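See structure below.
Derivation of every value follows stated rules applied to the coordinates shown; laboratory data play no part. Since the model is a prediction, treat every value here as computed from it, not as a measurement. Counting neighbours? That spans all protein chains shown, and the Cβs are built from the backbone with ideal geometry, glycine included.
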């Protein structure tokens with residue numbers, strides 16, 4: 001088992017840098033999953049915003065409008081001057097500023113509707129559109145009552161009641177209704193992390209074995225070529241499985257319930273399949289580089305491009321059809337698809353599509369491995 | 001002597017293909033990837049496409065909702081309605097041919113009992129549910145009016161469908177800004193911090209245990225500071241020029257609006273580049289570790305810093321502002337993003353100056369720390 005031993009020795013020699021990568025990327029994936037989960041949940045819950053309101057109006061409509069907003073949001077004072085307001089928005093103390101001008105009720109009752117309120121949203125925030133829509137619907141309703149000849153106070157009160165109407169939304173299957181578990185987000189970022197770690201960790205060791213003189217010396221040793229390769233492959237399996245295990249143990253510690261369910265099991269299988277693919281991408285990369293810094297470069301190019309195009313960082317829904325077609329030629333796309341499908345699974349019996357994605361990822365692994373082998377052979381011939 | 005060393009150092013750096021790749025090509029690749037991934041988002045405010053929806057009406061159900069849907073299909077082309085029966089609709093939904101099913105049941109009222117069935121909750125589903133919600137609210141309102149003052153119904157009905165803009169958009173900025181711009185700011189921040197590899201090279205050429213050149217330099221009589229300055233200046237110049245290329249590529253080739261204060265944008269990237277170079281220099285100066293380990297630490301620091309500024313996941317800044325505001329104050333990439341952001345959002349320069357001052361402080365601290373470590377370094381044996 002000399003080759004295997006050397007493999008482990010090289011690995012332990014580089015343990016500090018490999019450990020840095022593993023820890024940093026574990027932290028990245030944890031922070032990423034937390035932040036995405038939080039934004040996703042906010043988007044679909046009835047968000048409560050922090051709205052600063054300045055009511056200069058003395059009439060009923062202005063007062064009722066604010067009372068209506070107060071039901072689902074937090075109302076705050078408008079900061080004293082423009083500068084303080086910018087600061088408050090900058091540090092997210094307020095999400096939206098609404099100014100109700102004097103004589104608002106009067107103007108509204110006389111039929112003036114365009115631009116009678118002043119609203120300011122934090123630049124780049126998407127939640128502001130929700131609140132603007134609520135205000136618009138509320139005022140439309142009040143106006144309908146007023147046009148129908150109902151007095152202002154009653155109109156405002158009835159409008160608030162009407163706004164409580166909510167659409168009855170049902171889910172086709174019970175499992176659709178549940179929000180995505182935290183474990184889903186953790187697994188979402190695995191492709192990025194695995195690609196980086198495999199290319200940097202496994203790549204470093206592989207590169208040493210590919211060193212021209214070392215390879216030549218190994219070739220004339222008494223050990224058969226088959227034996228050497230077998231032990232080398234065992235080393236690769238050890239590393240790949242080690243990294244996989246490390247992440248799964250973390251997942252078990254953090255998302256215990258999820259990991260001990262069918263979904264968790266399938267997610268783990270998905271990650272295992274992808275780790276094999278990442279290892280063969282690493283093998284492919286090693287054929288293209290000459291030095292360790294080049295390997296570093298490769299790891300970033302491959303991991304980031306696979307993640308951006310494969311739908312790891314940006315959800316596939318946002319991509320145009322053309323880009324999606326291209327994405328199908330990237331293994332992380334199939335991983336992401338499988339990860340989404342897994343969330344719909346209730347038992348091991350109905351998992352048809354998922355295995356298909358697993359297979360595609362494995363085919364990618366085979367493809368990367370074969371192309372790597374081809375380059376390897378071609379280089380040997382020219383060397 | 002300064003100028004000669006400066007020119008040599010420039011030549012040396014430009015000839016290092018790998019470093020040039022990091023600083024010049026990599027940001028361009030990433031920028032192109034962003035453009036491809038967010039392509040549609042940058043071109044239009046919202047991606048507009050017809051939402052296919054199934055409509056299942058029971059016998060005797062009120063036609064009012066069907067009329068509303070029909071008008072949405074004909075007028076704005078918002079919906080694509082497929083009228084069908086319950087079983088077919090379910091299979092369409094399962095195959096993801098439609099985004100939702102509207103069931104209209106006979107409830108004996110004019111409004112009808114309409115429900116929406118979906119399989120997930122995303123943008124299209126939100127739009128469908130808000131259509132239904134609006135329909136129900138209007139019906140409720142009309143019901144109230146017919147009870148309180150039946151004569152006014154006609155006048156009230158005229159309000160429906162009028163597109164009104166009650167809100168005058170107050171604004172704290174003139175520059176239009178999309179959420180996606182943040183990704184490109186983060187990209188520029190990363191671009192600046194790419195200088196870490198160049199900074200590391202300075203240290204490698206100064207630590208006698210890391211390179212032969214350093215051995216020769218350390219024994220020479222020239223002051224170390226005198227040798228260091230041209231090196232730093234040359235690296236900063238090249239890094240800045242690389243960033244300039246990325247800015248031009250993003251603005252002119254990818255047509256991404258990075259704001260209209262071009263000169264200050266460049267100043268920010270210059271300061272960012274200085275921070276990047278000093279960061280690499282500082283990491284390289286620590287201890288007697290191997291170059292490969294330092295290289296790894298450099299890349300990790302750069303990537304982690306960029307990640308925290310929102311390179312991979314948008315909205316990171318907001319997330320950290322609520323959970324760990326300190327990170328936003330000291331992370332170089334976040335500070336670069338923040339200065340670019342405040343440059344385009346705020347009229348005054350107070351925020352901008354604050355972020356820039358923090359960046360410069362970080363640069364000075366890193367530079368001073370690195371120099372303190374390298375200064376008077378002696379080797380008993382190499």
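Values as computed for the structure displayed
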| read-out | value |
| --- | --- |
| Theoretical FRET efficiency, 1/(1+(r/R0)^6), r = Cβ-Cβ of residue B:211 and residue B:354, R0 35 Å, to 0.05 | 0.35 |
| Relative exposure of B:356, A:259, judged by other C-beta atoms within 10 Å (fewest first) | A:259, B:356 |
| Length released on extending from residue A:19 to residue A:221, taking residue separation times 0.36 nm less the Cα-Cα span | 69.5 nm |
| Simple label model, 7 Å out from Cα along Cβ direction - residue B:163 to residue B:380, nm | 8.1 nm |
| Nearest-0.05 FRET efficiency for residue B:322 and residue B:113, computed from C-beta distance (R0 30 Å) | 0.15 |
| Top of B:216, B:35, B:137 by mean-square fluctuation, Gaussian network on chain B, Cα under 10 Å | B:137 |
| Ranked list, fewest to most other Cβ atoms within 10 Å of each Cβ, for B:182, B:75 | B:75, B:182 |
| Sites residue A:170 and residue A:269, calculated FRET efficiency, Cβ-Cβ separation with R0 25 Å, nearest 0.05 | 0.20 |
| Helix-only mean residue ellipticity at 222 nm for the protein assembly as shown, each DSSP H run of n ≥ 4 adding -39500 (n - 2.57), per residue, nearest 500 | -21000 deg cm²/dmol |
| Ascending count of other beta-carbon atoms within 10 Å, so fewest first, for A:30, A:195, B:193 | A:30, B:193, A:195 |
| Average partner coverage of B:284-290, which counts Cβ from other chains inside 10 Å | 1 |
| Backbone N under 20 Å from the residue B:17 label point (7 Å along Cα→Cβ), restricted to the stretch B:185-224 | B:197-198, B:201 |
| Counting DSSP beta bridges with both ends in the protein assembly as shown, the antiparallel % (nearest 5) | 25 percent |
| Whole-Å semi-axes of chain B's equivalent ellipsoid (Cα gyration tensor) | 62, 22, 17 |
| Gaussian network model of chain B, Cα within-10 Å springs - most flexible of B:286, B:82, B:345 | B:82 |
| In range of the label at residue B:29: residues from the stretch A:296-311 whose backbone nitrogen is under 11 Å from the point 7 Å along Cα→Cβ | A:296-306 |
| Cα-derived Rg to Rh of the stretch A:48-169, Kirkwood definition | 0.98 |
| With eigenvalues of the C-alpha gyration tensor scaled by 5 and rooted, the protein assembly as shown, Å | 56, 35, 19 |
| Candidates B:102, B:38, B:371: whichever shows maximal mean-square fluctuation once chain B is modelled as a Gaussian network with Cα springs under 10 Å | B:102 |
| q = 0.09 Å⁻¹: log10 I(q)/I(0) that the Debye formula gives for chain A, counting C-alpha atoms only | -0.70 |
